[in-house]
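> Before anything else, here's the structure in question.
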Amino acid sequence: MSTIKTLEDLNKAAKRGLESIIPSKTKIMVGMSTSGLASGAQEVYDALAAEIKKRKLDVVLCKTSAMGMDCIEPLVEVIQPNRPRLAYSRMTAKKVPEVINQVAKGVVDGFKPTYRMDEEDYLCLNEKKPYFKGPLPNDVKDIPTISNVDFYKKQVKIATRNCGMINFESIDEYVAKGGYFSLYKALTQMKPEQIIDEIIASGLRGRGGGGFPAGVKWQTCRRAHGDIKYVLCNGDEGDPGAYMDRSVMEGDPHSIIEGMIIGAFAIGATDGFIYVRNEYPLAVANLQRALDQARAYGFLGNNIFNSGFNFDIKIGKGAGAFVCGESTALMTSLEGKAGEPRAKYIHTVEYGLWNRPSNLNNVETWANVPAIISRGAKWFSSIGCKNNSGTKVFSLVGKVNNIGLVEVPMGIPLKDIIYEIGGGIPGGKKFKAVQTGGPSGGCIPKSLEDISVDFDALWEAGSMMGSGGMIVMDETTCMVDIARYFIDFLEFESCGKCVPCREGVMRMNEILHDICGGKGRPGDIELLESMSKGIVDGALCALGSTAPNPVLSTLKYFRDEYTAHVRDKKCPAGVCKALIRFSVSDEKCTGCGVCLKKCPTECISGEKKKTHVIDQTECIKCGVCKESCKFDAIIVE
Amino acid sequence: MKKAQTMDKKVKDIIKKYYGDKTAMIAILQDVQEEFRYLPKETLSFISKKMDVPLTRIYEIATFYNAFSLKPRGKHTIEVCLGTACHVQGASRLIDRLERDLSISSGDTTKDKMFTLEEVRCLGCCSLAPVIRISGNVHPYLTQDELPKILRNYK
Ligand SMILES: Cc1cc2nc3c(=O)[nH]c(=O)nc-3n(C[C@H](O)[C@H](O)[C@H](O)COP(=O)(O)O)c2cc1C
Ligand code: SF4
Ligand code: FES
């Protein structure tokens, strides 16, 4: 690889990339993100490689990451000359020969692809390239296009524009999608102030949760005194139930790197760090490879694009502490210390990492930057809603049919995400609430399902945008248990530096444990409320000051569930162990005996074909009977 | 004696890899842990002497971050995800079952040193909830019923 210094060099790399994105021969791609691999993508990949070799086919086999719809993984995609791109879902090694058969013949027959793509969006180039010319081949006519798949219909992809579309191991493919052209433009045609103005005008707000205007932060950091400044990327993604940043780091690492270089140039920074969570080994590997490639091309290092600008990026690995996602704690951790937050009256844009001006942005924030520079602030702010430009990526998980990563324009109604993209609640159950904002956020009840999903509306409803976890809950989720779950999480993750958080959260946890354990006392609910106020006011960092949110928001919308626990000693959702009992329905039980064999305490008895009985004194409420009964005969009340 | 020497040698190499940089302490401890599966006491005193960092500082880091363990771990670490997505899909039943079947509490290691049971808060595979990870392999969409069979494959 030789370095790239001119537009001509860059165009050459783009040409190479395009040839590998849409080659002149057949190409097969396997989604190999963490979730793809967990669903068995490696076996499928190996089987494909073996079958291709066995049949001596001239086929390119390569890896890509996930496009978002994780519930249909492992995903295999086929691109053949002059045919639409086809996606085969829920692949197994067994189905491989059949798919290869179709590939060899060049027609679909038998096992059907889930969707097809007729063209590919090159967002940063403002261009769509078709996969085929001329009429649509007959054999694929009844396969829906991706824009007709419910899950993708309402999505708009900016931050995840390349995820699942390119091979994350190839920098040329990233360049072919318009990558590093924004960097070229920024470094050779724009002044730092101009870049900052553009980002301010775009209205881009930090995607890490707080929603602070990114351009304003850059400007303050640019104006701060100091020769050495840093730009940092927050890839700590500590919110449990969220994995957007992992997907971008794994699937399109260059978009983050390019964004950071542009930001560094605008701010006047010399060094960059990406702080990645310990739990994401694949993200670290993919980022490291991408950094090496960018360095080899001269996008990192000295005199980038002959502009005289020097900059490089290193990776810092977290070690499993949620609080290190907080800006001051993250910087302390990068310095190699225990990551405790400090008071924020000294701003990190002035005194941050090693007491030097430091600008921290989230993974998704950085990934948006190249797109804004190439397409312009006006384009970006035309997407989304008032004061909330652009899109937001969410991990739509929990009790919903279509589980996966979705990128939607800001301001979309919540119900569109749940019912249209998510396809509603499985098993005909009732939608109850959505949890957003992670441990600092709250629950939005069904009654507010029309709410506009943006920073301000969610905040008003007592929740938060957060980094993008969206956990859907149905009638079998206990809201008191959810509040207890988050408080328990925060007690564990509190760094212990200040008293309101260290002691206060612990006491709240004790009260919630008692309530869930059937030992709730009158007055507990009021006590929780007054303690919450103390913690919100007194805690040093945002971990503590937002810790009561999950309790306050569930109290606001689901107070009756708390009352049921405290006063009636009942868990309406059937979750809290101390408040429920398992029994067998006389009507539904067929006496098949499955539960009897599975019960670990052997407390179920009954003759074949007769209704079984659970001995309440021995039952440990493990729930295995309910999980294994095919006739839904186990009653929980 | 011999064992102690190889241990020192390995740690020395790790420190060298980071040029003895004190700000790389977290990365150094991570490498040491990867080598020995936990942080043996002797390695910490060795690092303290070699790098001229007070032992209390090193302990502070080793106890602050959840990824570090001061206790020996088993051959396989079972990480049960208790993230929000896994929690609403019944992850607590998985941990209860594992605690019962392995006769240990979360955080402990079985007598035969085969398994260490740990709770983690989200593995980033929330779409596959509930999940557990054993020695780096993610097992998706689990029910407690499947656990015994999965564990047998790791013996
Ligand atoms: C306890 C705590 C945890 C946080 N965790 C994260 C995180 O995992 N990822 C993230 O990007 N921001 C996290 N934040 C927010 C960061 O402090 C910071 O606001 C953000 O990274 C700034 O980037 P942005 O302006 O681009 O959003 C956390 C904040 C707190 C208080
Ligand atoms: S609020 Fe909690 S996490 Fe933040 S500094 Fe205080 S004790 Fe630490
Ligand atoms: S909540 Fe379990 S993997 Fe994220």
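The values are calculated or read from the model by the stated rules, or taken from the named source; none is laboratory data. Here the structure is a predicted model, which is why all the values come from computation and not from measurement. Here the Cβ positions follow ideal geometry from the backbone for every residue, glycine too, while neighbour counts run over all protein chains shown. Keep in mind that these areas ignore ligands, DNA and RNA; they rest on the heavy atoms of the full protein, side chains included. Shrake-Rupley method; radii C 1.70, N 1.55, O 1.52, S 1.80 Å.
> Every residue in segment A:308-331 that is free of Cβ contacts under 8 Å to residues at least 60 places away in the same chain, within 21 Å of residue B:121 (Cβ to Cβ) and outside any loop (DSSP other than H, G, I, E, B), please.
A:316, A:317
This table checks each residue for (1) away from ligand 2 (no atom under 16 Å from the Cβ); (2) over 20 Å from residue A:489 (Cβ atoms); (3) open to solvent by 10 Å² or more (accessible area, probe 1.4 Å).
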site: A:505; (1), (2), (3): no, no, no
site: A:512; (1), (2), (3): yes, no, no
site: A:543; (1), (2), (3): no, no, yes
site: A:572; (1), (2), (3): yes, yes, yes
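> If you don't mind, there's one more thing I want to ask. Among the residues of segment A:238-269, what is the count of those that are closer than 17 Å to residue A:331 by Cβ and either open to solvent by 10 Å² or more (accessible area, probe 1.4 Å) or in contact with a Lys or Arg (Cβ under 9 Å, 6 or more places away or on another chain) (or both)?
Narrowing segment A:238-269 to residues closer than 17 Å to residue A:331 by Cβ: A:238, A:260, A:263-264, A:267, A:269.
Among the residues that remain, those that are also either open to solvent by 10 Å² or more (accessible area, probe 1.4 Å) or in contact with a Lys or Arg (Cβ under 9 Å, 6 or more places away or on another chain) (or both) are: A:238, A:264, A:267, A:269.
Adding up the residues that qualify gives 4.
> Let me ask you something else. For the structure I just gave you, tell me whether residue B:63 is out of contact with any Lys or Arg (no Cβ under 6 Å at 6 or more places or on another chain), of a type in the set (Val, Ile, Thr), without any contact (Cβ under 8 Å) to a residue 24 or more places away in the chain and more than 8 Å from every other protein chain (Cβ to nearest Cβ).
Yes: the conditions hold for residue B:63.
> Can you tell me which of A:223, A:246 is without any contact (Cβ under 8 Å) to a residue 24 or more places away in the chain and either over 13 Å from residue A:360 (Cα atoms) or within 16 Å of ligand 2 (Cβ to nearest atom) (or both)?
A:223
> Got at least one residue in segment A:472-495 being more than 16 Å from ligand 1 (Cβ to nearest atom), more than 12 Å from chain B (Cβ to nearest Cβ), open to solvent by 10 Å² or more (accessible area, probe 1.4 Å) and part of a helix (DSSP H, G or I)?
No, segment A:472-495 contains no residue that is more than 16 Å from ligand 1 (Cβ to nearest atom), more than 12 Å from chain B (Cβ to nearest Cβ), open to solvent by 10 Å² or more (accessible area, probe 1.4 Å) and part of a helix (DSSP H, G or I).
> Give me a count of the residues in segment A:362-417 that are more than 14 Å from chain B (Cβ to nearest Cβ), of a type in the set (Val, Ile, Thr), crowded, with 23+ Cβ neighbours inside 10 Å and in a strand (DSSP E or B).
Qualifying residue count, segment A:362-417: 1.
> Next question, about the same structure. Test residue A:534 against the stated conditions and say whether it is out of contact with any Leu (no Cβ under 9 Å at 6 or more places or on another chain) and in a helix (DSSP H, G or I).
Taking the combined requirement at face value, the residue satisfies it.
> Check A:258, A:237, A:250 and return the single one that is facing another protein chain (nearest Cβ under 10 Å) and not in a loop (DSSP other than H, G, I, E, B). Before you say what the answer is, go through the steps one by one.
Details: A:258 fails: facing another protein chain (nearest Cβ under 10 Å); A:237 fails: not in a loop (DSSP other than H, G, I, E, B).
Only one candidate qualifies: A:250.
> Among the residues of segment A:295-313, is there at least one that is surrounded by fewer than 23 Cβ atoms within 10 Å (Cβ to Cβ), touching a helix residue (DSSP H, G or I) at 6+ places or on another chain (Cβ under 9 Å) and within 14 Å of another protein chain (Cβ to nearest Cβ)?
no
> If residue A:275 satisfies every condition in (1) within 16 Å of ligand 2 (Cβ to nearest atom); (2) within 14 Å of chain B (Cβ to nearest Cβ); (3) open to solvent by less than 20 Å² (accessible area, probe 1.4 Å) but one, which is the exception?
For residue A:275, the exception is condition (1).
> Tell me, which strands (runs of 3 or more DSSP E) wholly within segment A:63-171 include 2 or more residues that are open to solvent by less than 50 Å² (accessible area, probe 1.4 Å)?
Output list reads A:76-79, A:85-88, A:115-117, A:119-122.
> From the list A:43, A:8, A:19, pick out the single residue that is outside any loop (DSSP other than H, G, I, E, B) and touching a Pro at 6+ places or on another chain (Cβ under 9 Å).
A:43
> Got at least one residue in segment A:183-201 being within 16 Å of ligand 2 (Cβ to nearest atom) and touching a Lys or Arg at 6+ places or on another chain (Cβ under 8 Å)?
no
> Ok, one more. Just give me the residues in segment B:89-123 being among the basic types (Lys, Arg), more than 11 Å from chain A (Cβ to nearest Cβ) and either out of contact with any Ser or Thr (no Cβ under 9 Å at 6 or more places or on another chain) or closer than 15 Å to residue B:147 by Cβ (or both), in sequence order.
Matches in segment B:89-123: B:113 only.
> What number of residues in segment A:433-460 are open to solvent by less than 10 Å² (accessible area, probe 1.4 Å) and among the aliphatic types (A, V, I, L, M)?
5
> Tell me, which helices (runs of 4 or more DSSP H) lie completely within segment B:3-122 with 1 or more residues that are within 16 Å of ligand 3 (Cβ to nearest atom)?
Ranges flagged: B:84-88, B:91-102.
> So which residues in segment A:514-531 are over 32 Å from the mean Cα position of the chain (by Cα), over 15 Å from residue A:482 (Cα atoms), surrounded by fewer than 17 Cβ atoms within 10 Å (Cβ to Cβ) and not polar (S, T, N, Q), if there are any at all?
A:518, A:519, A:521, A:522, A:523, A:526, A:527 - these are the residues of segment A:514-531 that are over 32 Å from the mean Cα position of the chain (by Cα), over 15 Å from residue A:482 (Cα atoms), surrounded by fewer than 17 Cβ atoms within 10 Å (Cβ to Cβ) and not polar (S, T, N, Q).
> In segment B:10-31, what residues are surrounded by 16 or more Cβ atoms within 10 Å (Cβ to Cβ) and within 12 Å of chain A (Cβ to nearest Cβ)?
Answer for segment B:10-31, where residues must be surrounded by 16 or more Cβ atoms within 10 Å (Cβ to Cβ) and within 12 Å of chain A (Cβ to nearest Cβ): B:18, B:24, B:25, B:26, B:27, B:28, B:29, B:30, B:31.
> What do you reckon, is residue A:626 open to solvent by 20 Å² or more (accessible area, probe 1.4 Å), within 13 Å of chain B (Cβ to nearest Cβ), over 21 Å from residue A:434 (Cα atoms) and in contact (Cβ under 8 Å) with a residue 40 or more places away in the chain?
Values: open to solvent by 20 Å² or more (accessible area, probe 1.4 Å): yes; within 13 Å of chain B (Cβ to nearest Cβ): yes; over 21 Å from residue A:434 (Cα atoms): yes; in contact (Cβ under 8 Å) with a residue 40 or more places away in the chain: yes.
Answer is yes for this residue.
> Using the structure shown, decide if residue B:104 is of a type outside the set (Ser, Thr, Tyr), more than 16 Å from ligand 2 (Cβ to nearest atom) and in the same structural domain as residue B:14 (by TED's automatic domain parsing).
When the stated conditions are applied, residue B:104 does not pass them.
> Return the residues of segment A:580-623 that are of a type in the set (Ser, Thr, Tyr) and either within 14 Å of another protein chain (Cβ to nearest Cβ) or assigned to a helix (DSSP H, G or I) (or both); say none if nothing qualifies.
If the condition is that a residue be of a type in the set (Ser, Thr, Tyr) and either within 14 Å of another protein chain (Cβ to nearest Cβ) or assigned to a helix (DSSP H, G or I) (or both), then A:601 is the only one that fits.
> Here are some residues: A:26, A:92. Which one is more than 23 Å from residue A:149 (Cα to Cα) and modelled with pLDDT of 95 or more?
The conditions single out A:26.
> Taking the stated definitions as given, is residue B:63 within 29 Å of residue A:469 (Cα to Cα), open to solvent by less than 40 Å² (accessible area, probe 1.4 Å) and of a type in the set (S, T, N, Q)?
No; evaluated as a whole, the condition is false for this residue.
> Which residue, of A:406, A:393, A:397, is touching a residue at least 40 places away in the same chain (Cβ under 8 Å) and within 13 Å of ligand 1 (Cβ to nearest atom)?
A:393
> Among the residues in segment A:446-459, are any assigned to a loop (DSSP other than H, G, I, E, B), in contact with a Leu (Cβ under 8 Å, 6 or more places away or on another chain) and within 14 Å of chain B (Cβ to nearest Cβ)?
No - not one qualifying residue is present in segment A:446-459.
> Continuing with the same structure: Conditions first: (1) within 14 Å of chain B (Cβ to nearest Cβ); (2) under 24 Å from the mean Cα position of the chain (by Cα). Residue A:230 passes all but one, so which condition is the exception?
Exception for residue A:230: condition (2).
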